[in-house]
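Written out below as structure tokens is the structure these notes cover.
The values are calculated or read from the model by the stated rules, or taken from the named source; none is laboratory data. From a predicted model like this one, the values you see are computed outputs, not experimental measurements. As a convention, Cβ positions derive from the backbone with ideal geometry for all residues, glycine included, and neighbour counts pool all protein chains shown.
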Amino acid sequence: MVETAAPLPHPRLELSLVEARTRFVQLARLAGLTQQTTVVTEDGRPLAAIVPVEASQREPERPNPAAAAGWIRRIDKLRAELRRQHVGLEQALDEAWRELDRVRPPGADREIDALRAAHADLRRPRPAG
């Protein structure tokens, strides 16, 4: 009786960047002969992969439109929250500069004048919006 064998999974190996560099020729040949994929890591995080040519020529997966729409909603929500926080920070910074101008008017303190000059672009009136 003959049983059909389940296809063997393609081997996968993880190596550090230094080790992969040392063994690059061997890893490239193994990818072509055995369909082995080698994941190159740096500080334990995946960085790149050495894959068989067939794997690199596959059609990329198409993104799920519903998932993309969900991510866009989340990003828009975060942007709105960051804008709200940014306005609050700008107001606080403007208030701090007004108080500093009151306590140390321009020309009264060299170091404060240097700060004013360094932050002149931040102190310009911003258009409403």
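For every residue, the table says whether it meets (1) part of a helix (DSSP H, G or I); (2) closer than 30 Å to LEU13 by Cα; (3) touching a residue at least 12 places away in the same chain (Cβ under 8 Å).
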| site | (1), (2), (3) |
| --- | --- |
| ALA55 | yes, yes, yes |
| PRO63 | no, yes, no |
| GLY70 | yes, no, no |
| ALA80 | yes, no, no |
| PRO106 | no, no, no |
| ASP113 | yes, no, no |
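Here are some residues: ASP121, ASP76, ASP94. Which one is modelled with pLDDT under 90, in a helix (DSSP H, G or I), surrounded by 10 or more Cβ atoms within 10 Å (Cβ to Cβ) and charged (D, E, K, R)?
Just one listed residue meets the conditions, ASP94.
Of the residues that sit in region 20-30 and are modelled with pLDDT of 90 or more and surrounded by 18 or more Cβ atoms within 10 Å (Cβ to Cβ), which one is farthest from PRO52 (Cα to Cα)?
Here the answer is ALA20.
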